[in-house]
Every structure is written in structure tokens, then in C-alpha cells.
Amino acid sequence: MPTCGHCGQETPLEDVVRHEHETGVVVHCPDCNCVLGRYRDPSLRSR
């Protein structure tokens, strides 16, 4: 379970807020909306 560095809440992976974009995913804490991580899609090349 990821733990939010801002509010300390432990959240099951299926409950985190995900925002999918063209280049990857941003994951937020559902309680305080703090960013937990940003992940790039490895199949897309940097330009």
C-alpha cells in the first residue's frame, strides 16, 4: 500500500486516484490529493 508523504494515509492501490495522459500516469492520494507518483509509459519515446 502506498503511503502519502503529505497526510500519512495508507491507501490500497485500487483506491488511489489515477489520471492517465498521453505520456504516462499521475497518481494522487484520495484524501489530500497530493501527488504520490508520476509514471511515464516506456513504450513512448521522449522527444
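The set of residues in region 1-12 that are among the polar types (S, T, N, Q) and either under 20 Å from Pro42 (Cβ atoms) or outside any loop (DSSP other than H, G, I, E, B) (or both) contains only Thr3. Within region 13-35, the set of residues being under 12 Å from the mean Cα position of the chain (by Cα) and either part of a loop (DSSP other than H, G, I, E, B) or of a type in the set (Asp, Glu) (or both) comprises Glu14, Asp15, Val16, Glu20, His21, Cys29, Pro30, Asn33, Cys34.
Bear in mind these aren't lab numbers, they're just calculated from the coordinates by the rules spelled out. Note that the coordinates shown come from a computational prediction; the quantities given were computed from them, not determined experimentally. Every residue, glycine as well, gets a Cβ built from its backbone with ideal geometry; the counts of neighbours run over all protein chains shown.
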